[in-house]
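Notes follow once the structure below has been shown.
The values are calculated or read from the model by the stated rules, or taken from the named source; none is laboratory data. This one's a predicted model, so the numbers in the text were calculated from it and none came from an experiment. Here the Cβ positions follow ideal geometry from the backbone for every residue, glycine too, while neighbour counts run over all protein chains shown.
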Amino acid sequence: MNTKEKYSAYVNTAFMAAVEPVVIDRAEGATYWDDEGNTYIDCFSGISVVNSGHSNKVVIDAARAQMEKLVHCPSCFYHVEAVADLAEKLAEITPGTLKKTFFGNGGAEAVEGA
(Lines give C-alpha, C1' and ligand atoms only; values in the text may rest on other atoms or scores of the structure.)
Protein backbone atom coordinates (compact mmCIF):
# COMPACT_ATOMS: atom_id res chain seq x y z
CA MET A 1 0.00 0.00 0.00
CA ASN A 2 1.51 3.35 -0.98
CA THR A 3 1.32 6.59 1.04
CA LYS A 4 -1.73 7.96 -0.78
CA GLU A 5 -3.61 4.69 -0.24
CA LYS A 6 -2.63 4.64 3.45
CA TYR A 7 -3.96 8.20 3.81
CA SER A 8 -7.24 7.14 2.28
CA ALA A 9 -7.48 4.10 4.55
CA TYR A 10 -6.07 5.40 7.85
CA VAL A 11 -5.76 9.19 8.11
CA ASN A 12 -8.81 11.27 9.03
CA THR A 13 -8.79 14.36 6.82
CA ALA A 14 -12.55 15.03 6.98
CA PHE A 15 -11.94 18.55 8.29
CA MET A 16 -10.27 19.49 4.97
CA ALA A 17 -11.99 20.00 1.64
CA ALA A 18 -9.11 18.12 0.00
CA VAL A 19 -5.55 17.03 0.62
CA GLU A 20 -3.05 17.82 -2.12
CA PRO A 21 -2.19 14.62 -4.01
CA VAL A 22 1.52 15.21 -3.34
CA VAL A 23 3.70 12.91 -1.22
CA ILE A 24 6.35 15.05 0.49
CA ASP A 25 9.62 13.14 0.81
CA ARG A 26 11.99 15.71 2.35
CA ALA A 27 12.55 19.41 2.92
CA GLU A 28 15.35 21.91 3.30
CA GLY A 29 15.00 25.60 4.10
CA ALA A 30 11.67 26.61 2.56
CA THR A 31 11.72 23.91 -0.13
CA TYR A 32 9.84 20.59 -0.20
CA TRP A 33 10.67 17.70 -2.52
CA ASP A 34 8.02 15.15 -3.37
CA ASP A 35 8.59 11.46 -4.00
CA GLU A 36 8.91 12.17 -7.73
CA GLY A 37 11.65 14.82 -7.32
CA ASN A 38 9.42 17.87 -7.90
CA THR A 39 10.08 20.93 -5.72
CA TYR A 40 7.59 23.14 -3.89
CA ILE A 41 7.92 26.24 -1.72
CA ASP A 42 6.69 25.74 1.84
CA CYS A 43 4.62 28.91 2.18
CA PHE A 44 3.22 27.70 5.52
CA SER A 45 6.57 27.34 7.34
CA GLY A 46 5.37 23.92 8.35
CA ILE A 47 2.24 25.66 9.71
CA SER A 48 4.48 28.06 11.63
CA VAL A 49 6.51 25.41 13.46
CA VAL A 50 9.63 25.58 11.28
CA ASN A 51 10.12 29.30 10.87
CA SER A 52 13.88 28.69 10.91
CA GLY A 53 13.55 26.44 7.87
CA HIS A 54 13.51 22.70 7.37
CA SER A 55 16.76 20.84 8.11
CA ASN A 56 18.31 23.95 9.71
CA LYS A 57 21.72 22.68 10.87
CA VAL A 58 21.89 25.03 13.87
CA VAL A 59 18.45 23.94 15.10
CA ILE A 60 19.15 20.25 14.44
CA ASP A 61 22.52 20.41 16.25
CA ALA A 62 20.95 22.15 19.26
CA ALA A 63 18.04 19.67 19.35
CA ARG A 64 20.41 16.71 19.01
CA ALA A 65 22.63 18.00 21.83
CA GLN A 66 19.61 18.44 24.11
CA MET A 67 18.12 15.05 23.20
CA GLU A 68 21.43 13.31 23.83
CA LYS A 69 21.37 14.86 27.30
CA LEU A 70 17.65 14.81 28.16
CA VAL A 71 14.58 14.41 25.91
CA HIS A 72 11.87 15.26 28.43
CA CYS A 73 11.52 15.89 32.11
CA PRO A 74 8.39 17.44 33.64
CA SER A 75 9.53 20.88 34.75
CA CYS A 76 6.60 21.12 37.12
CA PHE A 77 8.12 18.29 39.22
CA TYR A 78 11.88 18.85 38.84
CA HIS A 79 14.31 21.67 38.16
CA VAL A 80 15.58 21.45 34.57
CA GLU A 81 18.51 23.60 33.44
CA ALA A 82 17.21 24.22 29.89
CA VAL A 83 13.81 25.30 31.25
CA ALA A 84 15.39 27.67 33.78
CA ASP A 85 17.63 29.16 31.08
CA LEU A 86 14.70 29.73 28.72
CA ALA A 87 12.57 31.26 31.49
CA GLU A 88 15.43 33.63 32.34
CA LYS A 89 15.82 34.66 28.68
CA LEU A 90 12.07 35.27 28.34
CA ALA A 91 12.12 37.41 31.51
CA GLU A 92 14.93 39.48 29.97
CA ILE A 93 13.12 40.19 26.71
CA THR A 94 9.47 40.56 27.78
CA PRO A 95 8.12 44.05 28.40
CA GLY A 96 7.54 45.64 31.78
CA THR A 97 7.73 43.53 34.90
CA LEU A 98 6.74 40.22 33.30
CA LYS A 99 9.18 37.74 34.84
CA LYS A 100 7.39 34.37 35.21
CA THR A 101 6.73 31.87 32.43
CA PHE A 102 4.18 29.05 32.42
CA PHE A 103 5.38 26.08 30.37
CA GLY A 104 2.73 23.72 29.00
CA ASN A 105 2.39 20.99 26.40
CA GLY A 106 -0.34 22.58 24.32
CA GLY A 107 -3.40 24.74 24.02
CA ALA A 108 -5.45 23.02 26.74
CA GLU A 109 -2.76 23.63 29.35
CA ALA A 110 -2.32 27.21 28.14
CA VAL A 111 -6.03 27.87 28.58
CA GLU A 112 -6.04 26.23 32.00
CA GLY A 113 -2.96 28.21 33.00
CA ALA A 114 -4.55 31.47 31.88
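What the table shows:
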quantity: Near pairs, Cβ below 9 angstrom, 6+ apart or cross-chain, from region 87-112 (within 14 Å of residue 76 (Cβ to Cβ)) to any residue that is basic (Lys, Arg) and modelled with pLDDT of 85 or more; calculated: 87/99; 87/100
quantity: Residue among 65, 18 that is free of Cβ contacts under 8 Å to residues at least 40 places away in the same chain, under 24 Å from residue 105 (Cβ atoms) and among the aliphatic types (A, V, I, L, M); calculated: 65
